Amino acid sequence: MKRRIIISFFCIILAILFSLSGFACKNKNDSGKNGEGNSEQPAAENIVPTDYNEISDYTEGLHIFNKTATEKIFIKEKQTDYVIVIPNEDNETVSTAAAELTALLQEAAGVNMAVYRESALPANSKYISLGDTALSYGVLIDTRINSNGYIIKTSGENIYIKSKGDHGVLWGVYEFLAQTVGYNCVAYNEWSFDADTSNVPLYDLDIVDSPDFELRIANNGCIYNNESLAHKYRFLLPHRDVYLQDSEVEAYHNFFEYIPKRLYESTHDKWYSVDGTQLCLTAHGDKAEYDALVNAVAERMEAVIQKDTMNRMVLTFTQQDINTWCECDHCRALKNKYGTDSASLIMFMNDVVPKVEAWKEVNYPEKDVTYSIFAYQRTLNAPAKKNADGTFSPIDQNVVCHPKMSILYAPLYQELVYGVDQPENKAMYDNIMAWRAVCETFGYWGYTVYYTHTNLMYNCFTAAQDIYKFLLNELNPRWIFDQGQNFAPNHTGFIYFKMYLESQWQWDVNRDYRELKKNFFRSFYREAAEPMMKFYEEYATHMYHVYKEMKQGMTVYSHVKFDDETFPFRMIQQWLGYIEEAKEAVKKYEDENAPLYKILYERINLESISPRYIIWKCHKDKYSTTEWEAFIDAYNRDADMYGIKYDIVDG
């Protein structure tokens, strides 16, 4: 396999430091009870991985791949007759697609492809057309694809990659590379190609591919604000590609950005909650003040839409990130009537949205905007009732969302280590069904890491696929943001594997977990794949035991007991043994390919942070004073070097 890995300056620093980062210390009591832990805890070597839960496949996906090799030549001995043609009009994303296509083909097969605007295309050229060129007008886009879907079509000797939206062209380029030169990307810094790319036939391609979740938002700090890295996963950046915003109104928790206290509190105090932490969406029952607040929010939304030049699709109106709501008499009366504070939010937006839509139809009729509110904390529950037959109905028509509204469902305190169909998540299941009764359009904001124990694995790996399938089967949400460690630049607890799974399942939710796992570990860890997979499987299975049998740590804000019973020292030592085995497996590269060795060592050593974190939390008594000081020094040095964050809740 031909491979490519990004080598960062960070890796060079690692070259100097990794020899100092040893962590294996002698157990002060190898044969005693402190080393063994509770005898009822299953030994790590006897753990059987539970790969996935069964749930009905999503049957509405659009992923059609037809490919036949022809007698014609696309690449022969690092030469090609083909060029790339893009539209005359400037388009940043299509230009990026052309740049990615040229760079990756050069890397894979040594060819240098010229890029032309269509007006400058030499006569009689064989070409790959990207986007809406005039040359592609006769090639029809399948109307079933969404804005991020694409088609790839061979017609005669030419190839066309088209989409309804700009990003679909870029995603189509990545698929074209996969079909022609075996491009296989498992991380933003790890991709490979088939061994034989020196001679590639022209393929007759007829591909129609559309992501199951139309908008898939980058979810971890290593890619959260980096467009080129996020695109490797076919993720979008939330603030650039999805949500409408301006310099003052951001995408999330923006009540006070629409209605800043510094501008309005002195003259419109009824616009704010009793405790001042949120807006009051009833204006304390004052009709004139309520109408003025509706108009103020509508006008501010109009200003955001007017400033948008990127055709972003979602405009949010979401409460401050604190678990409060207005407690005035009128807000409490609505909550008593409807059973949830989401009622006042829906009713308020039902008055705002028609005003903004009427203005938009006059001024920007071409813009298609969805107005999104949070189902989160005090507004998590839907204003709906359960019927005798198990279905749900809105309490009344006042809380049925306007057709242009959407719910961004964010189940912060649910047990996301289980599927929605599992008994542990019955409340979540019912609430989703209830929301379906009052709203037509949805987004999903999930959570995939602990915020109490940042460096401990949160095992939602396979549960994510179950949740995604359920959401698609029941709600067909338009966009998804499965929040990870967006606050940290680097990650432990096999989060890079989790990112890969999420990117694959958000595109095609039915992809096979076992095949994805095999592809990731072989690509990301090379010869160290086997010990790293053993470590992952034993760690993941143990955490599932902690959830299911010990009833600890099921939600991202719950706590896990750090003691011998929950995390036997012998088990942690075995996991660290896999790390050492993995390092030994790639040691041959130390002389053969030093840059590659540094990167593989970094990836392996990064995953040692999590078990070392567990030792730090509960196994100090297994070390002598000198050993413990050395252990802590090495742990802190590595954690700081990698940019690993400590617990953000309990320090």
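The values are calculated or read from the model by the stated rules, or taken from the named source; none is laboratory data. Everything numeric in this text was worked out from a predicted model, so none of it was measured. Positions of Cβ are backbone-derived with ideal geometry, glycine not excepted, and every protein chain shown enters the neighbour counts. Each accessible area value is taken on the protein alone, full model and side chains, heavy atoms only, with ligands, DNA and RNA left out. Shrake-Rupley method; radii C 1.70, N 1.55, O 1.52, S 1.80 Å.
For this structure, a couple of remarks:
Here is a yes/no grid of residues against (1) modelled with pLDDT of 95 or more; (2) assigned to a strand (DSSP E or B); (3) of a type in the set (Asp, Glu):
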residue	(1), (2), (3)
CYS326	yes, no, no
CYS331	yes, no, no
LEU345	yes, no, no
PHE348	yes, no, no
ASP351	yes, no, yes
ASP368	no, no, yes
LYS385	yes, yes, no
SER406	yes, yes, no
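- Cβ pairs under 7 Å, 6+ apart, first in the range 166-182 and within 18 Å of GLY110 (Cβ to Cβ), second surrounded by fewer than 21 Cβ atoms within 10 Å (Cβ to Cβ): LEU177/LEU104; THR180/TYR203; VAL181/ASP194; VAL181/THR197; GLY182/ASP194
- Residues (among the hydroxyl-bearing types (Ser, Thr, Tyr), within 19 Å of TRP171 (Cβ to Cβ) and out of contact with any Lys or Arg (no Cβ under 7 Å at 6 or more places or on another chain)) located in the range 107-147: SER129, THR133, THR143
- Output for the range 242-293, where each listed residue is among the charged types (D, E, K, R), out of contact with any helix residue (DSSP H, G or I) (no Cβ under 7 Å at 6 or more places or on another chain) and under 22 Å from TRP445 (Cβ atoms): GLU257
- Among the residues of the range 325-344, at least one is within 27 Å of the chain's Cα centre (by Cα) and either among the β-branched types (Val, Ile, Thr) or within 24 Å of TYR409 (Cβ to Cβ) (or both).
- Some residue of the range 299-314 being assigned to a loop (DSSP other than H, G, I, E, B), free of Cβ contacts under 8 Å to residues at least 60 places away in the same chain, among the hydroxyl-bearing types (Ser, Thr, Tyr) and open to solvent by 40 Å² or more (accessible area, probe 1.4 Å): yes
- Within the range 463-497, the set of residues being of a type in the set (S, T, N, Q), at negative phi and surrounded by fewer than 22 Cβ atoms within 10 Å (Cβ to Cβ) comprises ASN473, GLN483, ASN486, ASN490.
- Number of residues in the range 325-364 that are aliphatic (A, V, I, L, M), open to solvent by 60 Å² or more (accessible area, probe 1.4 Å) and farther than 21 Å from HIS402 by Cα: the value is 0.
- The set of residues in the range 408-441 being over 14 Å from PHE374 (Cα atoms), open to solvent by less than 10 Å² (accessible area, probe 1.4 Å) and modelled with pLDDT under 95 consists of LEU416, VAL417, TYR418, GLY419, VAL420, ASN425, MET428.
- Flag for LEU263 being surrounded by fewer than 20 Cβ atoms within 10 Å (Cβ to Cβ), in contact with a Cys (Cβ under 8 Å, 6 or more places away or on another chain) and not in a loop (DSSP other than H, G, I, E, B): no
- On the stretch given as the range 370-383, residues that are small (Gly, Ala, Ser) and assigned to a loop (DSSP other than H, G, I, E, B) total 1.
- All strands (runs of 3 or more DSSP E) inside the range 179-254 with 3 or more residues being at pLDDT 90 or above and open to solvent by 10 Å² or more (accessible area, probe 1.4 Å): 199-210
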